[in-house]
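A quick write-up on the structure given underneath.
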Amino acid sequence: MPGEAGSFAVADYLVFGGMLVLSAAIGAYNGWTSRNQSGSGHFLTGSRKLTALPVSTSLITTFMTSVTLLTNPVEVYNYGGIFGLLCFSYTVAIFISSEIFMPFFYRLGFTSIYEYLELRFNRTIRLLGILLFMVNIIVLNGLIIYAPALALNQGAGVDLWGGIISTAVVCTIYCTLGGMKAVVWTCVLQIGVMLAGNLSVIIKAVMLQGGISTVLSDAQEGGRMNFWDFDPNPLRRHTFWTLVIGGVFGWIGVYGTNQAQVQTYISCKSVTHARVAMYINLLGLMCIMLCSVFAGFCLYSVYKNCDPFTAGLVSASDQMMPYLVMDIMKGYPGLPGLYFAGVYSGTLSTVSCTINCLTAVTLVDLIKPYTTLSAKHLSILSKGLSLFYGVLFIGMAGLASLMGGMMEAVVILSGITQGPMFGVFTLGVLCPFVNSKGVVSGLVSGVLASLCACLWALFSPPTPEMTRPLPLTTAGCNFTTSPNWTSTAPPTQPTLFATTVSHNSSDIHQLAEGWPSISYLYFGMVGTLACLIMGMIVSLLTGGWNETVDPKLTFMKEDTLTYQLYKFLKDNITRKRSKHGQKNVTRTEFCLNTISGT
């Protein structure tokens, strides 16, 4: 039963501040040790000398944001453990990315993957890809900075703008001073803090509830152990098919063709280190997902008789985990600070990686082709761009604080950019007959298709029959305590999209009511498939079969680990057969010679 939430103690501020100071110190150290190395290549890719372990942690933390850490357990709390089936999509996506896209981009060695689009197609497609990427990443990072600052403000009373500015300033310091090397090594620190913070909450909740068996029993009785649902209906929010198929398309787009991830793994000293980093990253993703699922079970076990969201004790679903932390960790100074340090670590790692990749894209795609600057000047310019983007993210976080529908805007932007761009790179890498006309048509079609899917979901949110939220109650609430959050009325069950639609769009809303939207996990897939289909059709109709493409700019089976293993086994079998044949020939000659008496 919820009680009065606590507030930050001195120890919490020390733990939280210590994480920020250490992150900045790592950047300063890397900047100092590499002060004599010039050139943008060292700053943006660490001179391609990094090893698998630190790179793998950077791959994990780049897209395991603070928003993920705050919302994944709540997703399990509301809809059940089936959300953990994303682990299957992680596995398939990492395998495909490591076999096709990673070795391909590593072989080409581009700092910016958009260089490839110009070589394969033309400059227009390169600039369109850059535009979509930059708009998406800048807006997304505004929310990523704002969301944990808001949670910390409302959960522990920490100043909102203090949290926003401290996050952006620390990221900017170590990105500007240390570049990619600092980004990677701070991610090593930050993933440790993330895991420690989340495990501290889980352990305390388990102790409070009387053991793991009690938590699992409560989850079972509350219907949260719903791991399997094979309903093929694409309108359902979470089923095996939406989570695995939709998740695969989304995560291949992240690990195969996203600038932030590609720039990270090409920083490895060899393709083998890059491949090992991706599979270590897979294990990390699974661990974080399993922790999120169990944290969701703990959240339900603690609040099974009094849902804080329905009771109005929190004003948004992403404040549930901070509320739990401040509720159950009263009297344990330092542990709330450790949890929030973990949440902020997710923000720092994501924002720092995106600052670095935005710097790379701006420098390589928008500045270098039009200038003849020296290596020293390019290095200085790289640091200046990192500083610029850090300041820009502070401004975007401020904009997020003024926009009530920011989450919806981010979901739409992600849907209309990532899916179609994954389709564009897939056409270029895997379809030699696709030409520039086909790619432009595919990109426009993919953006329009995914935009329609996202907007339709805004005007016609999924019905409870499709989302199937699990039951919650407020029967055991004790309202004699004074909650930290206030609400004028109990909020409705949280969904991906806000259901508030302006009166000006009421006609559209009424029209859309009879046509429910597909699962949000399919938004990216819709854009990818539309891009692929239209791109291939238009290319074939405009002479794509006569297209002459440099073989190095398309997929080569020799790059894959699967082919290398196949070739190794084939050569060994052939060698053994050859030796066996030679022995048989020798025996036959011996017998003939014996018979003939020679």
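FYI, it's all coordinate maths here, none of it is from the lab. What you see is a predicted model, and the numbers here were worked out from it, not measured in a lab. For neighbour counting, all protein chains shown are included, and Cβ atoms are generated from backbone atoms with ideal geometry for every residue, glycine included.
Output ³J(HN,Hα) for the range 15-22: one whole-Hz value per residue in order, computed from phi by the Karplus curve 6.51 cos²θ - 1.76 cosθ + 1.60 with θ = phi - 60°, and x for Gly and Pro.
Using θ = phi - 60°, the values come out as 5, 5, x, x, 5, 5, 5, 4 Hz.
Tell me the label-point distance for the pair Val135, Val92, using the 7 Å Cα-to-Cβ offset, in nm and rounded to one decimal.
Reported label-point gap for Val135 and Val92 is 3.0 nm.
Highest mean first, what order results for 458-466, 85-93, 561-569 on Cβ atoms within 10 Å? Could you put the intermediate results ahead of the total?
Details: 458-466: 17.0, 85-93: 20.3, 561-569: 11.8.
Going by the mean number of other Cβ atoms within 10 Å, highest first, we get 85-93, 458-466, 561-569.
Just order 132-138, 95-101 by mean Cβ neighbour count inside 10 Å, highest at the front, would you? Provide the component values of the computation, followed by the final result.
Working: 132-138: 19.3, 95-101: 21.4.
Averaged packing, sorted descending, gives the order 95-101, 132-138.
Using the count of nearby Cβ atoms within 10 Å as a rough guide to exposure, how do Val364, Val184 rank from fewest to most? Write out the running numbers ahead of the final one.
Values: Val364 20, Val184 30.
Placing the least packed residue first, the sequence is Val364, Val184.
Using the count of nearby Cβ atoms within 10 Å as a rough guide to exposure, how do Trp545, Trp161, Trp456 rank from fewest to most? Numbers along the way, then the final one.
Working: Trp545 9, Trp161 13, Trp456 17.
Final ranking by Cβ density, sparse to dense: Trp545, Trp161, Trp456.
In whole Hz, what ³J(HN,Hα) sequence does the range 338-354 give by Karplus (6.51, -1.76, 1.60; θ = phi - 60°), x for Gly and Pro?
Working through the residues one at a time gives 5, 4, 5, 5, x, 4, 5, 4, x, 5, 4, 5, 5, 5, 5, 5, 6 Hz.
With labels modelled as points extended 7 Å from the Cα through the Cβ direction, what inter-label distance (nm, one decimal) is found for Thr473 paired with Ala25?
Between Thr473 and Ala25, the simple spin-label model gives 5.1 nm.
Arrange the following residues from fewest to most other Cβ atoms within 10 Å of their Cβ: Thr426, Thr62.
Thr426, Thr62
Report the extension gain between Tyr332 and Lys49 in nm, rounded to one decimal, defined as 0.36 nm multiplied by the number of residues separating them, less their alpha carbon distance.
Details: separation 283, 0.36 × 283 = 101.88 nm, distance 4.24 nm.
Extra length available between Tyr332 and Lys49 comes to 97.6 nm.
For the range 196-257, just say rounded, prolate or oblate: build the C-alpha gyration tensor, square-root its eigenvalues into a ≥ b ≥ c, call rounded for a/c under 1.5, and beyond that prolate if a/b exceeds b/c, oblate if not. Kindly include the intermediate steps, with their values, before the conclusion.
Numbers: a/c = 4.76, a/b = 1.59, b/c = 2.99.
Judged from the Cα gyration tensor, the range 196-257 comes out oblate (a/c at least 1.5, b/c at or above a/b).
By how many nm would the segment from Asn233 to Ser270 grow when fully extended, if each residue of separation counts as 0.36 nm and the alpha-carbon distance is taken off?
Result for the pair: 9.0 nm of gain on full extension.
Please enumerate, by chain and number, the lysines with C-alpha under 16 Å from the C-alpha of Lys576, excluding those fewer than 8 residues away in the same chain.
Lys567
Shape call for the range 92-247 from the C-alpha gyration tensor, a ≥ b ≥ c root eigenvalues: rounded (a/c under 1.5), prolate (a/b greater than b/c) or oblate?
On the way: a/c = 2.09, a/b = 1.30, b/c = 1.61.
It is oblate, given that a/c is not under 1.5 and a/b is not larger than b/c.
What is the local net charge at Ser97, summed over the other residues whose Cβ is closer than 15 Å to its Cβ (Lys, Arg +1; Asp, Glu -1)?
Working: positive: Arg107, Arg275; negative: Glu99, Asp559.
For residues surrounding Ser97, the net value is 0.
If R₀ is 22 angstrom, what is the calculated FRET efficiency for the pair Thr124 and Lys552, using the beta carbon separation as r and rounding to 0.05?
Working: r = 22 Å, r/R0 = 1.00.
It comes to 0.50.
Suppose R0 equals 51 Å. What FRET efficiency, 1/(1 + (r/R0)^6) with r the Cβ-Cβ distance, do Ile537 and Ile367 give to the nearest 0.05? The partial results should precede the final answer.
Details: r = 36 Å, r/R0 = 0.71.
Once rounded, the FRET efficiency stands at 0.90.
Could you give each residue of the range 442-448 its phi-based ³J(HN,Hα) in whole Hz, using Karplus coefficients 6.51, -1.76, 1.60 with θ = phi - 60°, and x for Gly or Pro?
x, 5, 4, 5, x, 5, 5
Where a Cα-Cα gap under 30 Å defines reach, which lysines qualify for Lys304, not counting those fewer than 8 residues away within the same chain?
Lys204, Lys330
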